[in-house]
Amino acid sequence: MKNGIRGLTAAAMLLPVAAMAESLSYSYLEGGVALYPDFESEDFIGLDTRGSLALNENVFVFGGLKYLTDDVDLTALHVGGGYRHGLDARTDLWGGVTLEYQELDWNSAEVDDTGLGIRGGLRHQLTNELEVGVGGRVITGDLDYVGFTGTARYAIERDFKVFAELDVYDGEPGIIGGVTFEF
């Protein structure tokens, strides 16, 4: 009887940790440092920030700002809406449409463009602490490009994670590392 009570008590204590893995959060703020060595003959370094807000179980709004600098400054901003579809309790397929703004600034010359984008991906809660995902984006307009990401997030606390990401931005590889705060 004592072993049964101990087992039930241990299971009850682990319930909040297990619940953390039951659904992937679409309400978060995330930011970090981005490095794109040898991007169009530049060694870009800068900030990458993004966020998302769940409006209900399936619909969310999201956006991000990337600012990279070297001899050329690159600013990329996107905002949009998305839909998530749970494949199971630990895996989501998601997609969204965005409005994209990009600006290149070098030697007193500036080129900017606004276009539409399509973004999507797959997220999976591998363990209670580790989430992995892949994503892709197609951006239209004069500064059009295709990008792909592979991301890993590790939970330090229930709502605080560190992340690492490999981003292939218009054929050029980069790495991003930072923190995620879920709310």
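The values are calculated or read from the model by the stated rules, or taken from the named source; none is laboratory data. Small disclaimer: the values here were computed from a predicted structure and weren't measured. All Cβ positions, glycine included, derive from the backbone under ideal geometry; neighbour counts span all protein chains shown.
Does Gly133 qualify as being at pLDDT 95 or above and part of a strand (DSSP E or B)?
Values: at pLDDT 95 or above: yes; part of a strand (DSSP E or B): yes.
Yes; evaluated as a whole, the condition is true for this residue.
So Phe160 clears everything in (1) surrounded by 14 or more Cβ atoms within 10 Å (Cβ to Cβ); (2) on the phi < 0 side of the Ramachandran plot; (3) not basic (Lys, Arg) except one condition, right? Which one?
All conditions are met except number (1).
Checking the conditions here, which among Tyr26, Tyr67 is of a type in the set (Ser, Thr, Tyr) and assigned to a loop (DSSP other than H, G, I, E, B)?
Values: Tyr67 fails: assigned to a loop (DSSP other than H, G, I, E, B).
Answer to the check: Tyr26.
Regarding Ala164, is this residue more than 12 Å from the chain's Cα centre (by Cα) and either farther than 16 Å from His78 by Cα or assigned to a strand (DSSP E or B) (or both)?
On the way: more than 12 Å from the chain's Cα centre (by Cα): no; either farther than 16 Å from His78 by Cα or assigned to a strand (DSSP E or B) (or both): yes.
No.
Considering only residues of segment 120-138 that are in contact (Cβ under 8 Å) with a residue 40 or more places away in the chain and over 16 Å from the mean Cα position of the chain (by Cα), which is surrounded by the most Cβ atoms within 10 Å (Cβ to Cβ)?
Only one residue fits best here, namely Asn128.
Among the residues of segment 102-130, how many are of a type in the set (A, V, I, L, M, F, W, C), at pLDDT 95 or above and over 15 Å from Asp170 (Cα atoms)? Full working, then the answer.
Let us first name the residues in segment 102-130 that are of a type in the set (A, V, I, L, M, F, W, C), namely 104, 106, 109, 111, 116, 118, 122, 126, 130.
Restricting the remaining residues to those that are at pLDDT 95 or above gives 111, 116, 118, 122, 126, 130.
Checking the rest, the ones that are also over 15 Å from Asp170 (Cα atoms) come to 111, 116, 122, 126, 130.
Of the residues in that region, 5 qualify.
Of the residues that make up segment 80-96, is at least one under 21 Å from Glu172 (Cβ atoms) and polar (S, T, N, Q)? So that I can check it myself, show each step before the final result.
Of the residues in segment 80-96, the ones under 21 Å from Glu172 (Cβ atoms) are none.
Looking through segment 80-96, none of the residues is under 21 Å from Glu172 (Cβ atoms) and polar (S, T, N, Q).
Could you run through segment 100-111 and say how many residues are exposed (fewer than 14 other Cβ atoms within 10 Å of the Cβ) and part of a strand (DSSP E or B)?
Filtering segment 100-111 down to residues exposed (fewer than 14 other Cβ atoms within 10 Å of the Cβ) leaves 106-111.
If we keep only those that are part of a strand (DSSP E or B) too, we end up with 106, 109-111.
Here the count works out to 4.
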